[in-house]
Amino acid sequence: MTVLNIGLVVLATLLGVVLLFWCLLRYALPWWLKRKLAALAALPDQPGIAARISLVPDATPYGRPETEAAIAMMRDAGFFEVGRYAVPEMPGMRLWAAHHPGDGLAAAVYDHTTMPTFFDVVRVAEDHSTCTVSTNPIHDPDNVPPGSRCIADPALSPMQALALIRGEAHQAPQLHVDAGNFESVFVELYARSIDHILGRGVPDADKMREVGERVALATGEPMPQLDERQMAMAVDMERASRLAALEQAIIDRFLQSGQIDAREWERVRDRVSVVHDLLGREDAADLARSRADWEAAQPLVDAALAQPLSAFETFERVSDSLPPQQRVRVLGEVDHPLYAQIVVSSP
């Protein structure tokens with residue numbers, strides 16, 4: 001139901017796109033083919049959405065012959081190799097990373113077991129906004145973070161992409177990407193891209209079908225025709241995958257914020273939960289009463305759920321109604337990917 005690709009600056013944009021679509025292929029398609037309509041637990045383990053990624057050097061020959069041809073054209077356009085990488089968090093994804101010394105641009109050619117070979121050329125600003133030219137065949141404009149731009153055309157050559165990006169006006173001071181900072185820039189750009197995607201919420205059935213059609217067109221594989229019940233289950237699976245990834249992304253931003261030291265984090269990490277408005281209201285209420293007597297707190301939960309409140313407001317209403325000693329402890333808060341509180345229950 002989702003597929004995310006790996007890219008660099010533009011990769012981040014692309015990553016968001018491909019990650020979403022990769023999940024769609026990894027979950028909905030195999031599930032549909034096996035007719036696992038009422039036994040999601042029986043599905044084989046599948047990788048979910050990667051909230052964060054890493055790059056691991058990998059010199060294994062690429063699986064698609066067109067990948068090396070694209071790399072050769074990148075070299076002809078003046079790009080120098082940074083390295084060849086696998087992305088452990090995204091099985092099947094490898095990339096050739098490069099930079100353009102004269103323009104300070106980043107580039108990547110992607111080799112994936114499912115998707116056709118494509119490339120990105122990216123200019124990165126000091127604030128990590130990006131301008132990307134991509135041949136990603138399943139590019140989705142909705143996945144481009146605010147402040148960034150992406151020109152997507154599968155027919156472009158690397159030389160044409162370079163000319164296009166040179167013609168785009170600079171809107172912020174440029175961060176020059178080279179062999180020394182490529183990996184760190186790539187990882188952060190991915191994090192920013194996926195944060196944007198996860199913070200937007202869960203796609204509905206219409207969006208899922210749109211994604212499936214785009215993937216089918218790019219891969220040449222027919223899209224499974226799911227009935228309403230099957231599609232509802234696919235959306236539920238996507239929601240679970242996104243919420244799990246969103247919690248990881250929120251915790252990562254919290255740890256980066258310096259609100260907690262390493263020793264305290266190790267002590268509480270197994271008891272940490274995250275509260276935000278993309279949770280279900282019942283889930284938010286249950287988090288609020290996790291330190292209270294469950295049955296005694298039920299009237300408070302029922303009263304909160306009877307009100308037209310958001311998930312976070314429901315959490316606050318239930319928590320504020322409890323005696324202070326029965327409330328979960330708030331460790332801190334973040335405002336990215338969306339506003340959230342990190343809370344910890346009793347040992």
message: Need the failing condition index for residue 246 against (1) assigned by TED's automatic domain parsing to the domain that holds residue 333; (2) surrounded by 15 or more Cβ atoms within 10 Å (Cβ to Cβ), just the number.
response: (1)
- prompt: Among all residue pairs at least 6 apart or on different chains, which show Cβ distances below 8 Å where the first residue, located in the stretch 256-274, is closer than 22 Å to residue 316 by Cβ and the second is of a type in the set (Gly, Ala, Ser)?
  reply: 257/332; 259/332; 260/332; 271/345; 271/346; 273/290; 273/345; 274/340
query: Any idea which residue in the stretch 159-196 is surrounded by the fewest Cβ atoms within 10 Å (Cβ to Cβ), counting only those that are more than 17 Å from the chain's Cα centre (by Cα) and among the β-branched types (Val, Ile, Thr)?
result: 165
query: Is it the case that the stretch 296-309 has a residue that's out of contact with any strand residue (DSSP E or B) (no Cβ under 8 Å at 6 or more places or on another chain), surrounded by 12 or more Cβ atoms within 10 Å (Cβ to Cβ), under 20 Å from residue 240 (Cβ atoms) and of a type outside the set (Phe, Trp, Tyr)?
result: no
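Do you know which residues across the stretch 312-344 are among the β-branched types (Val, Ile, Thr) and out of contact with any helix residue (DSSP H, G or I) (no Cβ under 6 Å at 6 or more places or on another chain)? Can you show your working first?
Our first condition is that a residue be among the β-branched types (Val, Ile, Thr); within the stretch 312-344, this holds for 314, 318, 328, 330, 334, 342-344.
Those that are among the β-branched types (Val, Ile, Thr) and out of contact with any helix residue (DSSP H, G or I) (no Cβ under 6 Å at 6 or more places or on another chain): 328, 330, 343.
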message: Show the residue pairs meeting these rules: Cβ distance below 6 Å; 6+ apart or different chains; first residue within the stretch 332-347 and small (Gly, Ala, Ser); second residue part of a strand (DSSP E or B).
response: 332/342; 340/274; 340/334
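Between 279, 309, 287, which is touching a helix residue (DSSP H, G or I) at 6+ places or on another chain (Cβ under 7 Å), at pLDDT 95 or above and under 30 Å from residue 205 (Cβ atoms)?
Values: 279 fails: at pLDDT 95 or above; 287 fails: at pLDDT 95 or above.
When all the criteria are applied, what remains is 309.
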statement: Of the residues in the stretch 197-241, those that are under 17 Å from residue 141 (Cβ atoms) and surrounded by fewer than 18 Cβ atoms within 10 Å (Cβ to Cβ) come to 200, 201, 206, 207, 210, 213, 217
query: If residue 108 satisfies every condition in (1) at pLDDT below 90; (2) surrounded by 24 or more Cβ atoms within 10 Å (Cβ to Cβ); (3) not hydroxyl-bearing (Ser, Thr, Tyr) but one, which is the exception?
result: (1)
statement: Exception for residue 215 within (1) out of contact with any Leu (no Cβ under 7 Å at 6 or more places or on another chain); (2) part of a helix (DSSP H, G or I); (3) of a type in the set (A, V, I, L, M) falls at (1)
task: Kindly indicate which of 67, 60 is of a type in the set (Ser, Thr, Tyr), farther than 30 Å from residue 230 by Cα, at pLDDT 95 or above and not in a strand (DSSP E or B).
output: 67
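For the stretch 266-288: of the residues being among the charged types (D, E, K, R) and under 17 Å from residue 301 (Cα atoms), which is surrounded by the fewest Cβ atoms within 10 Å (Cβ to Cβ)?
If we filter the stretch 266-288 for residues that are among the charged types (D, E, K, R), which is where we start, we get 266-267, 269-271, 277, 281-283, 286.
Within this subset, residues satisfying the condition of being under 17 Å from residue 301 (Cα atoms) are 277, 281-283, 286.
On the way: 277: 16, 281: 19, 282: 13, 283: 15, 286: 18.
In this case the residue turns out to be 282.
Please give the strands (runs of 3 or more DSSP E) falling wholly within the stretch 249-347 in which 1 or more residues are among the small types (Gly, Ala, Ser), touching an Asp or Glu at 6+ places or on another chain (Cβ under 7 Å) and not assigned by TED's automatic domain parsing to the domain that holds residue 195.
Qualifying strands (runs of 3 or more DSSP E): 340-344.
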message: Return the residues of the stretch 119-156 that are at pLDDT 95 or above, buried (at least 24 other Cβ atoms within 10 Å of the Cβ) and farther than 16 Å from residue 168 by Cα; say none if nothing qualifies.
response: 119, 135
message: Cβ contacts < 9 Å: first residue free of Cβ contacts under 8 Å to residues at least 60 places away in the same chain and closer than 13 Å to residue 121 by Cα, restricted to the stretch 137-155; second residue small (Gly, Ala, Ser) and part of a loop (DSSP other than H, G, I, E, B), any location; separation 6+ or different chain. Result?
response: 149/129
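The values are calculated or read from the model by the stated rules, or taken from the named source; none is laboratory data. Quick caveat, the model's predicted, so the values are computed rather than measured. Note that each Cβ is placed from the backbone with ideal geometry, even for glycine, and that neighbours are counted across all protein chains shown.
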